[in-house]
Every structure is written in C-alpha cells, then in structure tokens.
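What follows is calculated from the coordinates using simple rules that are stated; it is not laboratory data. Quick caveat: nothing in here was measured; it's all calculated off a predicted structure. No Cβ is skipped: glycine too gets one built from the backbone with ideal geometry, and neighbour counts run over all protein chains shown.
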Amino acid sequence: MTTLWRGWPALVLVLALATRLWGIDWQAPATLYFDELKYVERAGATVRGQPLEVADFRNPTLFRHLLEAEYRLAALVHPIDDVRQASNVQLALARVTSAVLGAAACLLTALAAARLARGRCRTAPGALVGLSAGSMLAVAPLQVHLSHYALNDAPASFVMAAGLLFGVRALTGGDWRDFLLAGLLAGLAAATKYNFGVVLALPLVATLDVRGDRSQEKLDVGSPSPSQWGGGRGVGPPQGWRLLPTRLLGLVLGGFLVGLVLGMPEVVTSPVEVLAGIAEQARLGAIRWNGQSDAPIYQLYGETLIRGLGWPVLLLAVCGAITLGRRDQFLLAGLLSVPVACLAIMLRQELFFARFALPLLPPVAILGGLGVGGLAEVASRRLGEGKGKALALGVLLIALVPGGRFTLRHDQLATTTDTRLLAQGWLERRAGGAKVATEVYGLPLNWSGGTGVRGYRLQRVAALVDPASVKRLACDGTRYFVTASLTSEREVARRRPTAEGTGYDLLAQAGRVAAIFDPFWPGLSAPAHPDDTGIPFWYLDAYERPGPRITIFEVPEGAIPCP
C-alpha cells in the first residue's frame with residue numbers, strides 16, 4: 001500500500017496514456033473527421049512553404065503553431081520528400097501529441113487535487129485525493145474520445161489543468177509567482193481554445209483572499225514588511241499593503257495577456273482578423289447545427305457530463321463539494337468559479353457539441369477526488385485508517401466502472417474498420433471505372449495523405465436529398481450513388497414532405513441497393529448524431545464498428561429519364 005501512495009502519479013499517467021494511445025492510428029491513412037484537417041493540413045502546408053491564403057481565426061492558433069514546430073523538427077531528424085508519406089507522419093504526430101497532452105492533463109489535474117487536499121482545507125491525504133481525481137479523468141470517455149483526434153481540445157485541457165494546478169497553489173497560500181503563472185497559463189489556454197480561458201477565474205478569485213494565514217513575505221510584491229511600518233507598535237499598514245489584492249490582480253491579468261500573445265501572436269500582428277474570427281465564431285454559436293437535438297442546452301450539457309464522466313463520479317463530486325464547503329467555503333468558491341464561468345458563457349449559445357463540455361471535466365474530477373477523500377475520512381474514524389482507505393479505494397473502483405466500460409468500448413471501436421472504408425474498398429473492387437457520387441460522410445475525405453480514388457471516378461456532393469440533383473447526376477452518367485445516414489437522416493428530417501419525394505426515394509425507385517454497410521449490431525440501431533462523425537461517442541453499445549450506415553445504389557443507364 002505504501003508503494004501505491006508513493007507511485008500514484010505514475011499510475012495515473014500510465015492509465016491515461018494507455019486509454020488514449022490505444023487506437024490512436026484509427027483508420028489511418030484515411031481521414032474521416034473534417035476538423036483534423038484544419039490543423040494537420042494547415043500546419044503541413046505552412047511547413048512546405050505553401051500556407052493557405054485565407055486566415056481562419058474562429059479557433060486560436062497555439063496548437064497549429066505547436067504542430068508546425070513539431071513538423072519542422074521531424075523534417076530535420078528524418079526528411080521525407082514524398083508529400084503523401086510526410087502528411088501521414090504529420091497526422092500521426094498530431095494525434096500522438098493530442099493523446100500525450102490529454103494524458104498529461106490527467107496528471108496535472110491529479111496534482112491540483114492533491115495540493116488542494118493538502119492545503120488549508122486538509123480534507124484527506126493528498127495521495128488518495130490525487131489518485132482518485134486523476135483516475136476519474138484518465139478513464140473519462142469524453143476526454144479519452146477527444147484525445148484520439150488531432151484537434152486542439154485535449155491540448156487545451158492540458159494547459160487548463162496546468163492553470164488549475166497553479167491556481168490552486170495561489171488559492172491555498174502560494175506566492176506571487178503562482179498568481180503570475182496561473183494567469184500566464186490561462187492566457188495560453190485561451191490561445192489554444194478560447195473557452196478554456198475560463199480557468200482565469202480561479203486566480204482572480206484567489207486575489208480576493210487576504211486572510212491572515214497568508215504569508216505577507218510571499219504575497220507582498222514590493223510592499224514594506226511589517227517591521228518597516230511598525231507592525232508591533234500599533235502603527236497601521238501603509239497604502240501599498242492595503243492595495244495588495246490589486247497588485248495580485250495586476251499580476252494575474254498581466255500574465256494572462258502575456259500568455260495570450262505568446263500563444264497566439266496574431267492578436268498583435270493581425271488584431272482585426274482575429275476579432276473577425278471571434279465574431280464569426282460567436283455568430284455560429286447562436287445557430288444550432290443541422291441534426292442537433294432540440295433539447296435545452298443545459299440538458300445537453302447534463303447528458304454529456306453523465307456520459308463523459310459517469311454518474312458515480314458526478315455523485316462523488318457533489319460529496320466533494322459538500323466536504324470542501326464544510327472545511328473552507330472560499331476554496332469551494334474558487335474551484336467552482338471555473339465551471340460556473342464556463343457555463344455562464346456556454347449556456348447562452350445555441351450551438352452544442354459534446355466537446356464544448358470538456359472544460360468542465362477537470363474541476364469536476366477534482367471535486368470527485370475530494371469526495372473520495374471525504375469518504376475515507378469518515379470511514380477511517382469509524383473503522384480505522386487502513387480499512388477506511390481500503391473502503392474509499394473500493395468506492396473509487398466502483399465509480400470508475402461506467403466510464404471505464406464506455407472508454408474500453410470506444411477504444412475497441414477505434415481499432416475496428418469504419419463503414420466508409422468498407423464502402424471505399426467495395427467500389428474499388430466493383431465500380432470498374434464508373435462514375436460515383438457520394439455524400440459528404442459517405443467515403444473518406446480527400447486529403448494530401450490519402451490513398452486517392454482508385455478504380456472509379458468520384459464526385460462529392462453535400463447531400464443527395466434533392467431529386468433534381470440526383471437526376472442531373474444520373475443524366476451526367478453517374479452509375480453509383482453513396483448515401484450516409486449521418487447526412488440522409490438529418491436532411492430528410494428538416495425537409496418538408498412533397499409529392500415529388502426526396503432524392504433518396506428516387507434512388508430507391510430507379511435503382512437497386514448494390515451494397516449496405518451497417519455499423520450496428522444485428523437488431524440494433526441508433527440515431528445519427530453530430531458528435532459521431534469520427535469515432536462514435538454516443539450509443540456505443542449499439543455499434544459493431546464505427547461510421548454511419550452506408551448505402552450504395554446502382555442506377556442503370558436510362559433508369560431516370562433525362563431531358
């Protein structure tokens with residue numbers, strides 16, 4: 001048991017790496033998730049000396065700059081002349097970077113929880129609280145899911161977790177350096193993904209804490225010591241000491257601005273374009289995505305937290321909040337300021353994807369760890385320290401089961417061939433040079449590292465719901481039509497019924513179903529979901545393999561009358 005308590009950070013890191021690196025090469029060299037190309041292709045083009053002309057600041061740029069640095073270093077270590085091969089190496093580097101940083105976020109969150117437990121509240125041994133919080137995040141399905149993508153989400157959670165660590169240090173009696181670093185890391189978090197900048201709330205709240213147990217030598221930046229202003233002779237502190245919270249506030253905000261500029265220098269070099277990108281992101285946030293649930297936004301966040309962490313972890317987080325609040329309400333207010341700030345911003349939006357809830361996971365995991373610690377404290381008083389800790393560890397293992405089960409299934413699906421690759425293989429064998437039209441999600445995306453189209457001529461369309469578009473394609477000689485449930489279900493749902501019917505109806509009438517690639521187990525199904533365009537996150541038990549339901553229609557020449 002002693003070895004466990006001493007080596008718990010390594011245990012958290014190993015668990016987090018295992019769940020994130022398993023299946024990290026999912027479907028490569030094919031790419032199936034559009035947003036990955038925003039980072040991999042853009043960074044690769046910049047390194048090749050072919051930067052895209054259109055700037056896109058709807059998302060910040062720190063992760064892309066990190067990839068550019070990695071790609072340049074990789075080119076120095078092992079130069080690759082072939083663009084396709086180099087692009088595949090770059091995709092692998094980006095995904096591994098995301099996975100490793102996602103795992104490191106679990107470790108930093110665990111260290112923040114341990115620091116909070118060892119701080120002024122002293123709820124339980126820091127090792128137990130840290131191990132619990134880190135393990136909860138290590139197997140959290142949402143964090144694991146996003147760590148499998150070459151996106152900025154997992155890297156942003158890493159910077160945010162580092163900000164939480166130094167924010168907690170500032171909150172529990174740290175010195176001015178902790179305030180400065182907490183602000184700096186909050187700026188870097190915002191430069192990675194805008195909404196992760198909410199971690200700034202924690203050091204801001206910490207600046208309000210001027211209770212007597214703080215060490216003035218640690219916190220006073222340039223103010224006289226008590227001996228200098230006659231502390232023992234009834235002489236009050238000078239104005240500089242009373243302005244201490246203001247000085248700390250300046251450190252935090254100054255650090256934030258420095259971090260933001262360091263991570264995203266475009267805020268200085270291209271401020272107009274950056275503001276335009278943020279404004280465009282805000283505009284899009286006010287519109288629900290095609291296929292998004294009609295449920296209230298707060299309900300979507302609640303459902304995502306239950307799926308993304310597991311309901312036992314949320315229950316332990318409530319217990320942790322109660323435990324922390326009884327010890328020190330100010331510490332509870334500081335920790336809760338991060339999720340409260342996040343929800344205050346995000347609940348005003350209409351757009352929702354599961355990844356929007358990711359900033360909530362680290363602080364909730366910390367509270368969950370404190371909940372396990374509080375249980376250990378109560379049990380130790382009644383059963384003894386050894387039995388109390390053993391009971392708390394048993395509760396932790398039980399709490400990890402729901403999230404761990406979904407994570408295990410998620411990683412198994414990541415290593416299973418996607419329906420779109422099966423459809424692509426079928427066309428390569430059967431199409432025989434024919435013209436093929438596919439919906440957006442019907443086949444793997446076209447990118448610089450892909451295998452390209454072999455054995456048929458391909459045309460991509462947004463959707464085949466419009467019968468006029470299907471007629472035009474058929475009259476142009478298209479023989480095979482590839483539909484994807486991710487597109488067809490939401491297009492049919494939002495289209496008003498007409499006497500003419502849909503393009504899918506026309507394909508069913510004029511053609512024949514040549515092949516179906518169903519991702520679900522026999523007898524099961526699940527509705528199309530915007531979060532499931534890559535590796536599924538929702539309805540995992542229904543999936544036998546990842547991908548949408550792909551239907552390939554063969555339409556003989558002349559089956560659809562042409563003008």
* Structure fact -> Listed with the fewest Cβ neighbours within 10 Å leading, THR415, THR533 appear as THR415, THR533
* Ordering of 475-487, 293-305, 170-182 by packing [mean C-beta count within 10 Å, highest first] -> 170-182, 475-487, 293-305
* With a point put 7 Å past each Cα toward its Cβ, work out how far GLU557 is from LEU262 in nm, to one decimal. => 6.6 nm
* Asked: At a Förster distance of 60 Å, what's the computed FRET efficiency of ALA508 paired with ASP175, Cβ-Cβ distance as r, to 0.05?
  -> 0.30
* Which length gain, in nm to one decimal place, applies between ARG430 and ALA282 when the Cα-Cα distance is subtracted from 0.36 nm times their residue separation? -> 48.7 nm
* **Difference of contour (0.36 nm per residue) and Cα-Cα distance, ILE306 to ARG496** => 65.0 nm
* To do: Run the quick spin-label model on PHE34 and TRP289: label points 7 Å from Cα toward the beta carbon, then report their separation in nm to one decimal.
  => 0.9 nm
* Asked: Which of THR498, ALA354, ALA528 sits closest to the plus end of the dipole of the chain, meaning its Cα is farthest towards the positive end, when Lys and Arg get +1 and Asp and Glu get -1 on the C-beta?
  -> ALA354
* Asked: Can you sort ILE278, ILE552 by how many other beta carbons sit within 10 Å, fewest first?
  -> ILE278, ILE552
* Neighbouring Cβ atoms within 10 Å as the yardstick, rank MET264, MET160, MET346, MET136 fewest first. => MET346, MET264, MET160, MET136
* Could you give the nm distance between label points at THR417 and VAL440, where each point is 7 Å from its Cα heading toward the beta carbon? -> 2.7 nm
* **For the stretch 248-281 versus the stretch 141-156, the gap between their alpha-carbon centres in whole angstrom** => 23 Å
* Structure fact -> Between (1) 210; (2) 184; (3) 157, the structure-derived volume of the Cα convex hull per residue in Å³ is (2)
* Give the relative contact order (percent, whole number) for the stretch 419-554; include only Cα pairs under 8 Å separated by 6+ residues. => 30 percent
* Structure fact -> Rounded to the nearest 500, the 222 nm mean residue ellipticity computed for the chain from DSSP H runs (n ≥ 4, each -39500 (n - 2.57)) alone is -19000 deg cm²/dmol
* To do: State, as an integer percentage, the relative contact order of the chain based on alpha-carbon contacts under 8 Å between residues 6 or more apart.
  => 17 percent
* To do: Only residues of the stretch 88-121 count here: report those whose backbone N is under 17 Å from the spot 7 Å along Cα→Cβ of THR451, or say none.
  => 88-89
* Structure fact -> Of the DSSP H helices in the chain, the ones reaching 30 Å or more along their long axis in Cα terms and averaging at least -0.5 in Kyte-Doolittle hydropathy are 83-118, 361-383, 385-414
* Structure fact -> Taking only the Cα positions of the stretch 282-349, the convex hull volume per residue in Å³ is 92 Å³
